[in-house]
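**Q** Just passing along the structure, written as structure tokens.
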């Protein structure tokens, strides 16, 4: 599971051969949230609001990068 970004103490992962819909994992301490790449909505789980906001701001700016990473690790 490659860590594609670290935002302070928040780690962003995309797992190889992961299930659809395309998403990434935001991990902060004991929290984990799966966030859909398409609309940045929560697929599953939860991280604290302050950290989620930081992740979403980064993801909005870097959406193309995230999509490319998903495609790289989840070739069909």
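The values are calculated or read from the model by the stated rules, or taken from the named source; none is laboratory data. If you're wondering where the values come from, they're calculated on a predicted model, not measured in any experiment. FYI the Cβ positions are ideal-geometry reconstructions off the backbone, even for glycines, and counts take in every protein chain you see.
**Q** Go through (1) out of contact with any helix residue (DSSP H, G or I) (no Cβ under 7 Å at 6 or more places or on another chain); (2) modelled with pLDDT of 95 or more; (3) not in a helix (DSSP H, G or I) for residue 75 and report which single condition fails.
**A** Condition not satisfied by residue 75: (2).
**Q** Hey, among the residues in the stretch 10-22 that are farther than 14 Å from residue 75 by Cβ and free of Cβ contacts under 8 Å to residues at least 40 places away in the same chain, which one's surrounded by the most Cβ atoms within 10 Å (Cβ to Cβ)?
**A** 13
**Q** Then there's this: If I filter the stretch 34-72 down to residues being in a loop (DSSP other than H, G, I, E, B) and surrounded by fewer than 16 Cβ atoms within 10 Å (Cβ to Cβ), which single residue comes out as farthest from the chain's Cα centre (by Cα)? It would help to see each step written out before you state the result.
**A** Just the residues of the stretch 34-72 that are in a loop (DSSP other than H, G, I, E, B), to begin with: 37-41, 47-48, 62.
If we keep only those that are surrounded by fewer than 16 Cβ atoms within 10 Å (Cβ to Cβ) as well, we get 38-39, 41, 48, 62.
Details: 38: 11, 39: 12, 41: 10, 48: 14, 62: 11 Å.
Per the criteria, the residue is 48.
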